[in-house]
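Participant: Below are the structure tokens for one structure; questions will follow.
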Amino acid sequence: MKQNIKYGWKGETNVAGEIAADASSSLVLYSQIRNRTSGFIFNISSGQFETYSSASGNQAAYALSMSEQGSCGHYVGNAPSTLPAGVFDITCRQRVNAWYAETDSLVANGELQWNTSVAVPLSNLPASGVISEVRMTRGVMVQNFGIFLKSSADHLTNFTSGNVSGQIARDGGLFGALQSGGFTETGLGSYVVTLTSGDLLANTVRLYFSANGISGGTSDPLTLSFVLQRSSGQ
């Protein structure tokens, strides 16, 4: 009987077993990860999404191993460290022969909502081209504000080694440079910057980020919108 696959929310980083499914004991199970937007499948070996290929050699590259906990029929797999943030469709299959095949039986399916380090109820990391609205405090500095950039070439690949620039518009005004402006790359297309108290001295702000690659190429633009809360006494 096909079941819904589960993802683990453990509230901490670098935890294992984010993908889980229940089935009969002593099976050889594996999972496949697909990008919900493009339909591309994740190649475990290359660490990238690609167009699906039915070639037998590719089936092994698409397979994320799952292990049974004891003999209880509960199987878990670890999300790849190279998996970018996003919402992904997961299929769990049973390998019935000594090799991986398209005809392997489907055991479970579901989704994984991932922020590059943990499974989360909703993605909590901004991504290129997304307009989001969150609440922050008016006039209070935010250090290590994180953004996540994708390449404009395919809108999927993490944009690394980029020279990032950021602009801000306060209370419906024109865009201008961030007061800090110094970005630090933290890997996998992620960058952090400080939003100063002056940047956030407004009721509403809009942020615009873009990047040029050191070796060429550009990122998709990232636009964010914030409603700022007033603290006591403001």
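Participant: Round to the nearest 0.05 the FRET efficiency obtained for SER46 and ASN144 when R0 = 45 Å and r is the Cβ-Cβ distance. Before the final figure, lay out the partial values.
Facilitator: Numbers: r = 30 Å, r/R0 = 0.67.
Efficiency at R0 = 45 Å is approximately 0.90.
Participant: Which shape class, rounded, prolate or oblate, goes with segment 45-95 when its Cα gyration tensor gives a ≥ b ≥ c as root eigenvalues, a/c under 1.5 marks rounded, and past that a/b bigger than b/c marks prolate?
Facilitator: Since a/c reaches 1.5 but b/c is at least a/b, the shape of segment 45-95 is classed as oblate.
Participant: Show me 190-199, 177-186 ranked by packing, highest mean number of other Cβ atoms within 10 Å first.
Facilitator: Descending packing order for the listed peptides: 190-199, 177-186.
Participant: Which shape class applies to segment 3-114: rounded if a/c is under 1.5, otherwise prolate when a/b exceeds b/c and oblate if not, where a ≥ b ≥ c are the square roots of the Cα gyration tensor eigenvalues?
Facilitator: The shape class here is oblate.
Participant: Hey, another quick one. With Cβ to Cβ distances under 11 Å as the rule, what net charge do the other residues near ARG36 carry (K, R +1; D, E -1)?
Facilitator: So the environment of ARG36 carries a net charge of -1.
Values quoted throughout were computed directly from the atomic coordinates according to the rules given, and no laboratory measurement underlies them. Just so it is clear, the model here is predicted, and its values are computed rather than measured. Quick reminder, even Gly has a Cβ in these numbers, built from the backbone with ideal geometry, and neighbours come from all protein chains shown.
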